[in-house]
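The values are calculated or read from the model by the stated rules, or taken from the named source; none is laboratory data. What you see is a predicted model; the values in this text were computed from it and never measured. All Cβ positions, even for glycine, are placed from backbone atoms using ideal geometry, and neighbour counts span all protein chains on display.
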């Protein structure tokens, strides 16, 4: 009977540890990230160059919607206290609208989900694969707009 009680106590302790609460401290350190997706732009071609247009199409042009693959890569550093700094950011194919290097956003965590918010928008996070210190080593990322970008961040 004592052996069964000991086994139950160990199983409960292991389950409790695996369901332990997460917090902003669960994301800490520098993470390499990559986001990719498709963005739709409205505009026209001038020779071989697509010229995006916001608003009405110039009367001497034939405007159309055009989809472009977009990729963002870089490094972000989480301080474990709710602030994240974009250390480096680069983009390919019209990735405009990304934060500049040095931009500081805030982040919050609830359960295994979180969000980063700043001047250029927001990113939603899902935490996974924790190390022995309780820090998430892998994050999935996604934007929340009509053409969402998705990606992953890994602890360096």
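A quick yes/no check of all residues on (1) assigned to a strand (DSSP E or B); (2) modelled with pLDDT under 95; (3) under 15 Å from residue 31 (Cα atoms):
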{"site": "66", "(1), (2), (3)": "yes, yes, no"}
{"site": "94", "(1), (2), (3)": "no, yes, no"}
{"site": "123", "(1), (2), (3)": "yes, yes, yes"}
{"site": "144", "(1), (2), (3)": "no, yes, no"}
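Screening residue 111 on (1) over 23 Å from residue 31 (Cα atoms); (2) surrounded by fewer than 15 Cβ atoms within 10 Å (Cβ to Cβ) shows it passes everything except condition (1).
In the range 114-128, how many are crowded, with 17+ Cβ neighbours inside 10 Å and more than 9 Å from the chain's Cα centre (by Cα)? Number satisfying all stated conditions: 2.
The rows are residues; the columns are (1) out of contact with any strand residue (DSSP E or B) (no Cβ under 9 Å at 6 or more places or on another chain); (2) assigned to a strand (DSSP E or B); (3) over 15 Å from residue 29 (Cβ atoms).
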{"residue": "62", "(1), (2), (3)": "no, no, yes"}
{"residue": "84", "(1), (2), (3)": "no, yes, no"}
{"residue": "90", "(1), (2), (3)": "no, yes, yes"}
{"residue": "101", "(1), (2), (3)": "no, no, yes"}
{"residue": "106", "(1), (2), (3)": "no, yes, yes"}
{"residue": "117", "(1), (2), (3)": "no, yes, yes"}
{"residue": "133", "(1), (2), (3)": "no, no, no"}
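For the range 68-82, a residue qualifies if it is assigned to a strand (DSSP E or B) and more than 14 Å from the chain's Cα centre (by Cα), and the qualifying residues are 68, 69, 70, 79. Within the range 1-52, the set of residues being modelled with pLDDT of 85 or more and part of a helix (DSSP H, G or I) comprises 24, 25, 26.
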